[in-house]
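Q: Take this structure, written in structure tokens, and hold onto it; I'll ask about it next.
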Amino acid sequence: MSISQEASTLLRLAVEDPGGIFLYQETMGKTTIQTNDQDLTSNSDARELASWREVPGELIRLGLASETGPGVFRLTKSGFAYGDALAKGKKFL
């Protein structure tokens, strides 16, 4: 399975969140993705934000996360397994 660098970063951090949750919000031209008390988009320019905006959909398509409410996402069992493998530097097949 191939995922973007941004999705990989989010998964590695989201597995450390007690609920496996990440938040996605767009307001007044500002995009925010947060998990485990970290804002992953705070220093991003427009090009980086374009990539980050695709991450929630990417993780859902791959079955690694599900949307539990508007802008609230939770890792699936596969998401935890993939994120744990990434955190340990292993390849996940």
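The values are calculated or read from the model by the stated rules, or taken from the named source; none is laboratory data. Fair warning: this is a prediction, and the values are worked out from it, not measured in the lab. No Cβ is skipped: glycine too gets one built from the backbone with ideal geometry, and neighbour counts run over all protein chains shown.
Q: Quick check on my filter: what residues within the range 27-44 are surrounded by 10 or more Cβ atoms within 10 Å (Cβ to Cβ), without any contact (Cβ under 8 Å) to a residue 24 or more places away in the chain and over 10 Å from the mean Cα position of the chain (by Cα)? Explain how you work it out, then say what you get.
A: Start the filter on the range 27-44 by keeping residues that are surrounded by 10 or more Cβ atoms within 10 Å (Cβ to Cβ), which leaves 30-36, 38-42, 44.
With the extra rule that they be without any contact (Cβ under 8 Å) to a residue 24 or more places away in the chain, the set shrinks to 30-34, 36, 39, 41-42, 44.
Result: K30, T31, T32, N36, D39, T41, S42, S44.
Q: Where in the chain are the strands (runs of 3 or more DSSP E), entirely inside, with at least 2 residues that are modelled with pLDDT of 90 or more and β-branched (V, I, T)? I'd like the intermediate steps shown before the answer.
A: On the way: elements: 21-27, 30-35, 65-69, 72-75.
Here the list reads 30-35.
Q: Do we find a residue being in contact (Cβ under 8 Å) with a residue 40 or more places away in the chain, surrounded by 14 or more Cβ atoms within 10 Å (Cβ to Cβ) and of a type in the set (A, V, I, L, M, F, W, C) anywhere in the range 45-54?
A: Taking every residue of the range 45-54 in turn, at least one turns out to be in contact (Cβ under 8 Å) with a residue 40 or more places away in the chain, surrounded by 14 or more Cβ atoms within 10 Å (Cβ to Cβ) and of a type in the set (A, V, I, L, M, F, W, C).
Q: Hey, can you tell me all the residues within the range 55-93 that are farther than 14 Å from S4 by Cβ, among the aliphatic types (A, V, I, L, M) and either free of Cβ contacts under 8 Å to residues at least 24 places away in the same chain or in contact with a Cys (Cβ under 8 Å, 6 or more places away or on another chain) (or both)?
A: A81, A85
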